[in-house]
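In what follows, a single structure is set out as structure tokens and then discussed.
The values are calculated or read from the model by the stated rules, or taken from the named source; none is laboratory data. What you are looking at is a predicted structure, and each value in this text was computed from that prediction instead of being measured. Don't worry about glycine lacking a Cβ; one is built from the backbone with ideal geometry, like all the others, and counts go over all protein chains shown. Heavy atoms of the whole protein, side chains included, go into the accessibility calculation; ligands, DNA and RNA do not. Shrake-Rupley method; radii C 1.70, N 1.55, O 1.52, S 1.80 Å.
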Amino acid sequence: MATAQSVFLSGIVLGSLYAMMATGLSLVWTTLGIFNFAHGIFMAVGALVAWQVGTDLGWGLGPAAGLAIGVAVLVGIGFLSELVVVRPFLARRDVVLIAVITTLSASIFFENGTLLIWGARYKQLEPLIPGKVDLLSTAISAHEVLIIVIAPLTLVLLWLFLKFTRIGSAIRAVSQNRESALLMGMNVSLLYSSAFALSAGLAGLSGILLGSVRFITPSLGAEPLVKALIVAIFGGLGSLGGTIGAAYVIGLLEAISVYFIGLYWTPALLFGVMILVLLVRPTGLFGRKG
Amino acid sequence: MRLNLTGPDGARLLCLAVLVVLPFFVPSAYVRHLIIVAVVYGVVASNWNFSLGYGGIFNFGHLAFFGLGAYASAILAKTVGITPWVTIVLAGVVAVIAAIIVSVPVLRLKGIYVVLVTFAFSQLCLQLIMSQQGMTGGSQGFPLVPQLKLGDYSFASDDKFGYYFVALFLLVISTLYLERLVRSNFGISVVALRDNEDYAVSRGISLARQRLLTLVASALFTGMAGGFFSTYTRVASPEIFGFGPLSLALSMMLLGGTGSIYGPIVGAFVITIVSELMIDLGPARFLIIAAMIILVLLFYPGGIIVGLRRAYDELLKLRPTRA
């Protein structure tokens, strides 16, 4: 059954991308208590920076340099964005709502900024590893294999970082109890910026990986962002393990559904599944109360 | 009803009078078009404000009510052949049905989950419209929607003079409706649920029922505005469901001020005019608008309307007082 294997593989590829995106969203949500609607455009910016640095049409420094600088620039953008569009509003009573509009504004800002800098023409990154690979007796591109490998690796690194480093523990402490963390003398503002920057870096990485599979437009991240939202709701916001599990479940479900019932009805199916989950468990499958 | 002409009622009547006589003094069809667009967005934003500002329900699928109204009216008028006068009203009914559907999952949810589910709902509507290409025109949109006519008079003639007053009529009716709504017992219970949910529920207000009714109430005129818009522009376009119109309406509401019915309407006029003034800048104007939204949110949390009120009060103080 070659089809079953190729459906499975494309599901895993999708799941890996969703896992990285949804983890970024979830990280900001647990730490800052807001939702970042600029996450999608961060993906596009990451891919465009990597294109500028890495490809021959840009500065031609090679894909690896593109990847490294792309992620680094996004970490910087994330840090600054938090400073400008999130921090001034954190003390407001309706911060959840205000943050939606400010991050949407940031999204508009970056979207039109990329149009001004790079124009509207479609671009594509070269694959990080060229060629095809035989996997489960199916030929898939080496780049997709790389996605399957990089995503879990990145998420394990993130988990190790959050679990065992000083800053990681501090970020977790702040998300669990902001006031206590303040009383313990932690620099809460700096930790907020760090979490936001980390999340933006993840967005940039997912954008760069996606940028050689799809064409890079300002809306590169829009459709994956909606899927990542569904993943985040499905898994329950605030549980990293739940989010990652949900990402692979949704990715496989999407691949199966695209194969059997077609591209157009798949979003309806995913939405239906999400509603069903929410009707039974209003905070998602693995979510906590709040 | 007694009118307080020196107070807020006077300001409202003054604004209305200006809008009524404006097209007679400003012959430019382009200015008229801008005001029609601002009026339509004013209806959308002020009705959204009822569920979001007054009700505290973070419904990010509000533009889906507008879009579904636009498509429903366009399809009923062109494919089924009903007169646009009726389909615009039917668009409101379709939006109400959509509101009932979206409120089913929303009833049990809180905070950010409401944002996500309603946003996902509007994306789902978009996907369904894209997939039913035969009926909706898919990604190309649904063009050549029939015009409003009264006898032999087409509202498209005289540079859309007639549409201006239909739009204005819609805004006035919608605003009177919202006024009644927020002052009714229902409106008060909606605000009570927002401010102290536990207490309101303990006093016998049904959370699920009021949430459903709030969304339904905010959908009615939004759908009709959608129906009017697709009739006026003669096209129902899938772009309505995108990030653009959503953040536009949201910024109108927040810039204008969520504390009153009139804030979002003022916001709609300000943003439409400002973005039109900068049209030569191309994509750069969105950078400026985005920065402006952040700055206003930062320095005028109550919105533009608060500043306007203060200015109006100052103006009244300048009047010689009667002895």
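Each row is one residue, and each column tells you yes or no for (1) more than 26 Å from B:R180 (Cα to Cα); (2) modelled with pLDDT under 90; (3) of a type outside the set (V, I, T).
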position	(1), (2), (3)
B:S51	no, no, yes
B:I75	yes, no, no
B:T79	yes, yes, no
B:V86	no, no, no
B:A95	no, no, yes
B:P105	yes, yes, yes
B:G111	yes, yes, yes
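Looking at the stretch B:48-56, can you tell me whether even one residue there is open to solvent by 30 Å² or more (accessible area, probe 1.4 Å), closer than 18 Å to B:R211 by Cα and either assigned to a helix (DSSP H, G or I) or touching a residue at least 40 places away in the same chain (Cβ under 8 Å) (or both)?
Within the stretch B:48-56, one or more residues are open to solvent by 30 Å² or more (accessible area, probe 1.4 Å), closer than 18 Å to B:R211 by Cα and either assigned to a helix (DSSP H, G or I) or touching a residue at least 40 places away in the same chain (Cβ under 8 Å) (or both).
In the stretch A:235-254, what residues are at pLDDT 80 or above and closer than 24 Å to B:C125 by Cβ?
Hits for the stretch A:235-254 are A:A246, A:I250, A:G251, A:L253, A:E254.
Checking the structure you have, find out if any residue of the stretch A:89-103 is free of Cβ contacts under 8 Å to residues at least 24 places away in the same chain, in contact with a Phe, Trp or Tyr (Cβ under 9 Å, 6 or more places away or on another chain) and among the hydroxyl-bearing types (S, T, Y).
There is at least one residue in the stretch A:89-103 that is free of Cβ contacts under 8 Å to residues at least 24 places away in the same chain, in contact with a Phe, Trp or Tyr (Cβ under 9 Å, 6 or more places away or on another chain) and among the hydroxyl-bearing types (S, T, Y).
Is there a residue in the stretch B:13-34 that is among the hydrophobic types (A, V, I, L, M, F, W, C), surrounded by 21 or more Cβ atoms within 10 Å (Cβ to Cβ), touching a Ser or Thr at 6+ places or on another chain (Cβ under 7 Å) and in contact (Cβ under 8 Å) with a residue 12 or more places away in the chain?
No - not one qualifying residue is present in the stretch B:13-34.
Report yes if some residue within the stretch B:102-119 is more than 14 Å from every other protein chain (Cβ to nearest Cβ), farther than 22 Å from A:T266 by Cα and open to solvent by 40 Å² or more (accessible area, probe 1.4 Å); otherwise report no.
Among the residues of the stretch B:102-119, not one is more than 14 Å from every other protein chain (Cβ to nearest Cβ), farther than 22 Å from A:T266 by Cα and open to solvent by 40 Å² or more (accessible area, probe 1.4 Å), which makes the answer no.
Tell me, which residue of the stretch B:62-79 that is farther than 24 Å from B:L176 by Cα and touching a residue at least 24 places away in the same chain (Cβ under 8 Å) is farthest from the other protein chains (Cβ to nearest Cβ)?
Filtering the stretch B:62-79 for residues that are farther than 24 Å from B:L176 by Cα and touching a residue at least 24 places away in the same chain (Cβ under 8 Å), the one farthest from the other protein chains (Cβ to nearest Cβ) comes out as B:A77.
If I filter the stretch A:218-234 for residues that are open to solvent by 30 Å² or more (accessible area, probe 1.4 Å), more than 10 Å from chain B (Cβ to nearest Cβ) and touching a residue at least 24 places away in the same chain (Cβ under 8 Å), do I get at least one hit?
So far as the stretch A:218-234 goes, no, none of its residues is open to solvent by 30 Å² or more (accessible area, probe 1.4 Å), more than 10 Å from chain B (Cβ to nearest Cβ) and touching a residue at least 24 places away in the same chain (Cβ under 8 Å).
Looking at A:G272, A:G245, A:G241, can you tell me which residue is open to solvent by 10 Å² or more (accessible area, probe 1.4 Å), without any contact (Cβ under 8 Å) to a residue 40 or more places away in the chain and among the small types (G, A, S)?
Only one candidate qualifies: A:G272.
Go through (1) more than 10 Å from chain B (Cβ to nearest Cβ); (2) among the hydroxyl-bearing types (S, T, Y); (3) open to solvent by less than 20 Å² (accessible area, probe 1.4 Å); (4) within 20 Å of A:G58 (Cβ to Cβ) for A:Y122 and report which single condition fails.
All conditions are met except number (3).
Do we have any residue at all in the stretch A:249-266 that's under 24 Å from A:I150 (Cα atoms), assigned to a helix (DSSP H, G or I), within 12 Å of chain B (Cβ to nearest Cβ) and of a type in the set (D, E)?
No: the stretch A:249-266 contains no residue that is under 24 Å from A:I150 (Cα atoms), assigned to a helix (DSSP H, G or I), within 12 Å of chain B (Cβ to nearest Cβ) and of a type in the set (D, E).
Being surrounded by 15 or more Cβ atoms within 10 Å (Cβ to Cβ), under 23 Å from B:R12 (Cβ atoms) and modelled with pLDDT of 80 or more is true for just one of B:L176, B:L170. Which residue is that?
Going through B:L176, B:L170 in turn, just one is surrounded by 15 or more Cβ atoms within 10 Å (Cβ to Cβ), under 23 Å from B:R12 (Cβ atoms) and modelled with pLDDT of 80 or more: B:L170.
Those residues that are more than 7 Å from chain B (Cβ to nearest Cβ) and in contact with a Leu (Cβ under 7 Å, 6 or more places away or on another chain), I need them from the stretch A:103-119; list them, please.
A:T114, A:W118 - these are the residues of the stretch A:103-119 that are more than 7 Å from chain B (Cβ to nearest Cβ) and in contact with a Leu (Cβ under 7 Å, 6 or more places away or on another chain).
Give the number of residues within the stretch B:89-101 that are surrounded by 21 or more Cβ atoms within 10 Å (Cβ to Cβ) and either small (G, A, S) or within 14 Å of chain A (Cβ to nearest Cβ) (or both).
5
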